[in-house]
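The values are calculated or read from the model by the stated rules, or taken from the named source; none is laboratory data. Just so you know, these numbers come straight off a predicted model, no measurement behind them. Ideal geometry is used to build each Cβ from the backbone, glycine not excepted, and the neighbour counts take in all protein chains shown. In case anyone asks, the SASA skips ligands and DNA or RNA and just uses the protein heavy atoms, side chains included. Shrake-Rupley method; radii C 1.70, N 1.55, O 1.52, S 1.80 Å.
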Amino acid sequence: MRSTDNRDSDQSVLLKRKDALVIERFMLVLTVAVGILLSAHTALIMALMKYACLPWFESSCASAILLLLCIYILVRTNRKLEIQIGNFIYFRGKRYYKELLGEATHDGLTGLYNHKYFMIMLQQELERAKRYRRRLSLLMIDVDLFKRYNDTYGHLEGDRVLTGLAVVFRHLSRQVDIVARYGGEEFVVLLPETDPAGARTMAERIRAYVEESQSLRPGVTISVGIGHFDGTESGMSCDGLIKRADEACYRAKSEGRNRVSA
């Protein structure tokens, strides 16, 4: 009988201690909250937020609700703080959106447009060229003997070459041109409003620059194939234009590499 009474007594003491702890936490939160509401200083807000991160605080649902309520009241009563928090959320969200957009449209290594986004842009430009009977040219660029280069110098050096070539292509292209990494060591440059002569001039300019560039390892060269749409072929497709440029690039490589073919 005595042991049962002792158990009841111990449980009663534990409950009282638990209630006292809850009340203590509640009063601490309330004290800090009142201090914030009276002073409206950002430093006290940070102190409250740090207090909210304490492990024991997470176990008290009532304290957490009170904390959020106090922060809400403070923000609503402090216009300057409300604007600051709003700007913080806006700019962080905008930055996050740009990061997601960059991952979806750009190649991770070179920073150029990726294959998927290039195909979307090619479809749009081809449709526009058909509608307005405009000329459209496509350069297919392949790094000569790139596999041998990787085997000789290693893949890290190979990545540096691809990154350096991307800088060159961006530097030499016009603002309206679309430069993308097509896959592996292949790149494409889409040239709106460009006839075959203009496309060849651009291709030769890129090829010569790469051959003579001091920023790339000596011996790095490219072969370029040109595909062209004259604005009147209603049956032309994206795959058809790519095939023309790809076949021309293959001819350039079979004729000795480091040259342009159309």
Criterion: touching a helix residue (DSSP H, G or I) at 6+ places or on another chain (Cβ under 6 Å) and in a loop (DSSP other than H, G, I, E, B) - qualifying residue of Leu216, Leu191: Leu216
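Can you pull out every residue in region 194-210 that is of a type in the set (S, T, N, Q) and either outside any helix (DSSP H, G or I) or farther than 29 Å from Thr232 by Cβ (or both)? Spell out the reasoning first.
Going through region 194-210, the residues of a type in the set (S, T, N, Q) turn out to be 194, 201.
Hit for region 194-210 is Thr194, nothing else.
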Those residues that are more than 13 Å from Leu241 (Cα to Cα), open to solvent by 90 Å² or more (accessible area, probe 1.4 Å) and part of a loop (DSSP other than H, G, I, E, B), I need them from region 114-137; list them, please. Arg133, Arg134
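Residue-wise test of (1) outside any helix (DSSP H, G or I); (2) modelled with pLDDT of 90 or more; (3) surrounded by 11 or more Cβ atoms within 10 Å (Cβ to Cβ).
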{"residue": "Leu67", "(1), (2), (3)": "no, no, yes"}
{"residue": "Arg76", "(1), (2), (3)": "no, no, no"}
{"residue": "Asn87", "(1), (2), (3)": "no, no, no"}
{"residue": "Arg160", "(1), (2), (3)": "no, yes, yes"}
Report every pair of residues separated by at least 6 positions or lying on different chains whose Cβ atoms are under 9 Å apart, first residue within region 192-208 and open to solvent by 10 Å² or more (accessible area, probe 1.4 Å), second part of a loop (DSSP other than H, G, I, E, B) and of a type in the set (Ser, Thr, Tyr). Met202/Ser173; Met202/Thr194; Arg207/Thr221
Give the residues of region 222-259 that are touching a helix residue (DSSP H, G or I) at 6+ places or on another chain (Cβ under 7 Å), at pLDDT 95 or above and not aliphatic (A, V, I, L, M), sorted by residue number. Ser223, Gly225, Gly227, His228, Phe229, Cys238, Asn258, Arg259
Residue match in region 163-175 (condition: part of a strand (DSSP E or B), under 16 Å from Gly111 (Cα atoms) and open to solvent by less than 70 Å² (accessible area, probe 1.4 Å)): no
